[in-house]
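**Student:** Quick one: structure below, then a few questions.
The values are calculated or read from the model by the stated rules, or taken from the named source; none is laboratory data. The model shown is predicted, which means the values in this text are computed figures rather than measured ones. When we count neighbours, we look across all protein chains shown, and the Cβ atoms used for this are built from the backbone with ideal geometry, even at glycine.
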Amino acid sequence: MKRQVRSVIAFVLLSLAAGAVAGLITKDSTDIYETLIKPPFAPPAVVFPVVWTILYILMGVGAGIVWQSPSPRRETGICLFALQLAVNFVWPIIFFTEGWYFSAFLWLLMLLGLVIYMTCNFYKAKPAAAYLQAPYIVWLVFAGVLNLWIALVN
């Protein structure tokens, strides 16, 4: 049991660390976000770190569950997890640091595709791990709509 908990904690910490480093790199993003023309449904900047913390925890727990699985999909699932985490890491740099809003939207579409593929793989390994990714997918769709709006009007 202890080993199972440790692997989940390790994946959660890895996810949170990726988010924290991306946050440090784009630490002025709140200021940039406030200057953009946003749609009426755009949440305030303070919402994003809260939501992303929850999502990083859920994706880490899911990866930890897959890591413990005896499924032949285990290695592919963990590789997809690492790949989507790396792609996720780059998005705020493209959007906030570089200000390439349409490129960030395309990057987000790639991330969404990877996360859906990862989630399907997780489902074949351990369905519970896939269900934990549902909020992530929903948020990425919302973020994509928000990103596209910003790209079109800014």
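**Student:** Do any residues in region 116-132 that are more than 16 Å from residue 75 (Cβ to Cβ) have Cβ atoms under 7 Å from those of residues that are charged (D, E, K, R) and in a helix (DSSP H, G or I), where the two are at least six apart or on different chains, and which pairs are they?
**Tutor:** Close Cβ pairs (under 7 Å, with a partner that is charged (D, E, K, R) and in a helix (DSSP H, G or I)) do not exist here.
**Student:** May I pose another question? Taking residue 55, is it modelled with pLDDT of 95 or more, in contact with a Pro (Cβ under 7 Å, 6 or more places away or on another chain) and either within 22 Å of residue 92 (Cβ to Cβ) or not in a helix (DSSP H, G or I) (or both)? Step through it out loud before you land on a result.
**Tutor:** Working: modelled with pLDDT of 95 or more: yes; in contact with a Pro (Cβ under 7 Å, 6 or more places away or on another chain): yes; either within 22 Å of residue 92 (Cβ to Cβ) or not in a helix (DSSP H, G or I) (or both): yes.
Here the answer is yes, as residue 55 does meet what is asked.
**Student:** List every residue pair whose Cβ atoms sit under 9 Å apart, with the two residues 6 or more apart in sequence or on different chains, where the first one lies in region 1-21 and is within 16 Å of residue 48 (Cα to Cα) and the second, anywhere, is in a helix (DSSP H, G or I) and at pLDDT below 95.
**Tutor:** Every condition considered, the pairs that remain are 19/49.
**Student:** Quick one: which of 44, 39 is at pLDDT below 95 and either touching a Gly at 6+ places or on another chain (Cβ under 9 Å) or within 26 Å of residue 153 (Cβ to Cβ) (or both)?
**Tutor:** Values: 39 fails: at pLDDT below 95.
After ruling out the rest, the residue left standing is 44.
**Student:** Within region 14-32, work out how many residues are more than 13 Å from the chain's Cα centre (by Cα), assigned to a helix (DSSP H, G or I) and surrounded by 14 or more Cβ atoms within 10 Å (Cβ to Cβ). Give the derivation first.
**Tutor:** The initial filter retains those residues of region 14-32 that are more than 13 Å from the chain's Cα centre (by Cα), namely 21, 24-32.
This time we only want the ones that are assigned to a helix (DSSP H, G or I), so: 21, 24-25, 29-32.
With the extra rule that they be surrounded by 14 or more Cβ atoms within 10 Å (Cβ to Cβ), the set shrinks to 25, 29-30, 32.
Summing the residues that are more than 13 Å from the chain's Cα centre (by Cα), assigned to a helix (DSSP H, G or I) and surrounded by 14 or more Cβ atoms within 10 Å (Cβ to Cβ) in region 14-32 gives 4.
**Student:** I've got another one for you. Read through the list (1) assigned to a helix (DSSP H, G or I); (2) of a type in the set (Gly, Ala, Ser); (3) touching a residue at least 60 places away in the same chain (Cβ under 8 Å), then give the number of the only condition that residue 77 fails.
**Tutor:** Evaluating residue 77 over (1) assigned to a helix (DSSP H, G or I); (2) of a type in the set (Gly, Ala, Ser); (3) touching a residue at least 60 places away in the same chain (Cβ under 8 Å) leaves (3) as the failure.
**Student:** Does region 80-115 hold any residues that are in contact with a helix residue (DSSP H, G or I) (Cβ under 6 Å, 6 or more places away or on another chain), of a type outside the set (Phe, Trp, Tyr) and without any contact (Cβ under 8 Å) to a residue 24 or more places away in the chain, and which are they?
**Tutor:** Of everything in region 80-115, those that are in contact with a helix residue (DSSP H, G or I) (Cβ under 6 Å, 6 or more places away or on another chain), of a type outside the set (Phe, Trp, Tyr) and without any contact (Cβ under 8 Å) to a residue 24 or more places away in the chain turn out to be 94, 103.
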